[in-house]
Structures are given as structure tokens and as C-alpha cells.
1. What do you reckon, is residue 312 within 10 Å of the ligand (Cβ to nearest atom) and either of a type in the set (Phe, Trp, Tyr) or open to solvent by 20 Å² or more (accessible area, probe 1.4 Å) (or both)?
2. Hey, any hits in the range 19-30 for a residue that's in contact with a helix residue (DSSP H, G or I) (Cβ under 6 Å, 6 or more places away or on another chain), modelled with pLDDT of 95 or more and surrounded by 11 or more Cβ atoms within 10 Å (Cβ to Cβ)?
3. Given (1) more than 19 Å from the chain's Cα centre (by Cα); (2) at pLDDT 95 or above; (3) of a type outside the set (A, V, I, L, M, F, W, C), where does residue 239 come up short, assuming only one miss?
4. Go through (1) over 28 Å from residue 259 (Cβ atoms); (2) within 16 Å of the ligand (Cβ to nearest atom); (3) over 23 Å from the mean Cα position of the chain (by Cα) for residue 223 and report which single condition fails.
5. Taking the range 95-118 as the region of interest, how many residues are part of a strand (DSSP E or B), open to solvent by 40 Å² or more (accessible area, probe 1.4 Å) and among the hydrophobic types (A, V, I, L, M, F, W, C)?
6. Can you report the number of residues in the range 261-288 which are within 11 Å of the ligand (Cβ to nearest atom), surrounded by fewer than 17 Cβ atoms within 10 Å (Cβ to Cβ) and of a type in the set (A, V, I, L, M, F, W, C)?
7. Given 150, 212, which one is within 16 Å of the ligand (Cβ to nearest atom), surrounded by fewer than 16 Cβ atoms within 10 Å (Cβ to Cβ) and either under 19 Å from residue 67 (Cα atoms) or outside the structural domain of residue 69 (by TED's automatic domain parsing) (or both)?
8. Of 323, 296, which residue is away from the ligand (no atom under 16 Å from the Cβ) and surrounded by 14 or more Cβ atoms within 10 Å (Cβ to Cβ)?
Amino acid sequence: MSALPQRPHDPAAEPAVRLETRVSLRPYNSFGLPAIAERLVRVRSEAQLRAVLADPALARWPRKLLGGGSNLVLTRDLDALVLKIEIAGRRLVRRDERLAIVEAGAGENWHGFVAWTMAQGLPGLENLALIPGSVGASPVQNIGAYGVELKDRFDSLDAIDLETGQMRVFGKSDCRFGYRDSVFKHAWAGRLAITRVRFALPQPPVAEVGYLDLQRRIAETGISHPSPQLVFDWICAIRRAKLPDPSVIGNAGSFFKNPVVTPEQCRDIIARDPSVVHYPMPDGSFKLAAGWLIEACGWKGKTVGQAGVYDKQALVLVNRGQAIGGEIVTLAKAIQESVYGRFGIRLEPEPVVW
Ligand code: EPU
């Protein structure tokens, strides 16, 4: 990681900061949960963010960073200054015979960006199509699906330190990516605004089709070497068939991480239920399908108040219409307790609770 030299301060060049008050956050979280931000600033550039950080009138409130709102459970109104990151822009940075480097502003919609790369003839992110959220949030979670994780295509990112206003560049090793994990959830949690992310797309492109759902498509169609565009179309179809569209049914994707257990724990669970879905990991541990554990406890399709468990994928909690954040949290706790009671496994939620 390195600190970049800062440009000389020129207040005239900085765009005006517009403070909005009492803003409904319902449209800005994929669960569609109600909450009011007492104050909100839309951040459309790095310069604007620095202006917010340097403004003494805005310094008295705690700050909350809001990205795509797709990994968030809002349980209360926020008496804070919400910085809604809306930095836009997509570009090809460079391309050679080995790699294409593409960059997107943190506020770009993730799927919109993936679709743009496909339209530019720059595949590589197709397995990550239709994941809800923004580009800026994607490295925090190290989003992953269908055999590809963000870290496999990550180049570097720019971020602004909220305490010092300093711009920093993070390379891949600086990010300490793990399964749905990164340094941005730990040492740097709440201290950084990611402003731009760059991706390294292999040239020539290679389609990743190892995941079971994709192998099924290959068997069904007889197309043994699908193009990246066809993989993109397949992934979109697979996701649409089993995951709810947040613009129709509020949700935050997988609500829990798939738990990783020791071989002994895995043996113990298999002894209780031989059909448990489990995958061996390179380090000898096993990953269990949390959706299977939740379904085995009878939760699939269940509703408690206005919160529910999606009927096609038990790992996804949904807003049945008028849920409040507390109902989602209560349902999540009840699921955790029953999975712990039956299998002795503690499920860890993915979303952040505010
Ligand atoms: N399963 C059940 N019942 C269920 C759901 C799943 O038995 O209700 C079983 C399935 O039959 C399958 C296994 O669990 O054998 C795995 O299911 P699936 O392929 O749907 O994947 P997942 O492990 O549930 C993960 C990611 C998803 C990602 C998919 C595909 C996590 C927490 N979730 O889900 O990511 O799209 O793999 O790669 O790792 C997300 O993080 O928001 C997300 C959607």
C-alpha cells in the first residue's frame, strides 16, 4: 500500500457539497428497510469527499459510508452524516496480450459494470454477473459466485482515509482477501472510502465452468466450450431462477456465510445426517452449505412477521413487503439458534447491521 502525493489545495476547483436532511434510506438498501438519515451527502468525486472531510461544519457528526446498500440491515434511523458514494466512471486502463485492466468508480452498479465489460469485449467477470451492490463494496466482501471470487480478477483500488483525507492505493496482497473477507472488514473497517477499483482480466479470456450448475448446462446443451458471453447468459438465468430480484423482493443475497469446519466436525455432522452438503477445501477443512443446514432445520419458505426465508434458496432472507430491520435480525437469530441446536454450528451473518 502506498500513499499518493496530494494535489495542491484549490478550494475553487472543489464542487460544492450539498447537505440533505431527513433522507429516506428505503430506496438505498436492497432489503427495502425503512430508516431515515438525519443528514446525507452524495459524494460524486474524490475532491468532493475531501471537501466533506475538511469542512468543520460537517465534522461534529459521526460518519457512515453507504455504498450499494446490498449488504446492510437497517434497524434504526441514523443520527449521523451518511456519505453516499456515487463516484461514477468506467474505462479500459490498458491492455496487452496477457491482461486487460479495467477501472470503475465505486458508485457504479456492479452488474451494470459487468455487463459493460462484456459489451466492450472484455470478459472475465461474467461468473459474478447479477450480484447486487456497487463496485466499491465488491472488494470489502470479496464477492464470489460460480467458481470465481473477486480476488481472482482484482488488480488494485484507490481509497481515501477518512481520518487524514489522504489517498491510498491498495494492491492485491494489501487487501488480505479471504472467503467473503478482506482487510476492509478488519484493520481498515469504517476508516476508508473506496473510490475506484481496477480489475485484471486475463487475455485471451478463459471461461470458468467448473461449478456444478454450469456443468449441468454443458451437459444439457452439449456445448462443451461455451463462450464467456454464453457463460454470462447462463449465470444470469441460473441466478434469476433461484435468487430473488431485490427490486421485486427485498433481500441481501446470502444472509450467512457457508461455515468452514474441521474434518472432525464434518465427520460428526455426517454421522448425524449423511446427506449434508460439504466441500473439501485445499487446506484440509470442509465448507458446509449453510442453505442446506437451514433447510434441514425446516426454515425454507417460512415467514416470521414480515421477514421470511426465500422458498428457492434457504440462505437468502427476504422482506415480505413491510419488514423492519428488527424483524430480519430476529429471524436471523432464530435460524442461528436452531442450526446451532441441531448441528452445533454457529452461522455467521454476511450483512452489516446498523
Ligand atoms: N442448498 C440446499 N438448500 C437450500 C440452498 C442450498 O440444500 O435452500 C444446497 C444446494 O442444493 C447445493 C448447496 O446447498 O448443493 C450450495 O447451494 P448454491 O449452489 O446455491 O450455493 P450457496 O453455497 O448456497 C454460494 C454463495 C452465493 C453464490 C453461490 C453460487 C455464499 C454465502 N453464498 O451460495 O453468493 O451465488 O454460492 O456460487 O458463499 C451471496 O453471497 O450473496 C451469494 C448469493
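The values are calculated or read from the model by the stated rules, or taken from the named source; none is laboratory data. A quick note: this is a predicted structure, and the numbers were derived from the prediction, not measured. Glycine also receives a Cβ, built like all others from the backbone with ideal geometry; neighbour counts cover every protein chain displayed. These area figures cover heavy atoms from the full protein model, side chains too; ligands, DNA and RNA do not enter into them. Shrake-Rupley method; radii C 1.70, N 1.55, O 1.52, S 1.80 Å.
1. Considered against the rule, which asks whether it is within 10 Å of the ligand (Cβ to nearest atom) and either of a type in the set (Phe, Trp, Tyr) or open to solvent by 20 Å² or more (accessible area, probe 1.4 Å) (or both), residue 312 comes out as yes.
2. no
3. Unmet for residue 239, out of (1) more than 19 Å from the chain's Cα centre (by Cα); (2) at pLDDT 95 or above; (3) of a type outside the set (A, V, I, L, M, F, W, C): (1).
4. (2)
5. 1
6. The qualifying residues number 1.
7. Checking each option against the conditions leaves just 212.
8. Just one listed residue meets the conditions, 323.
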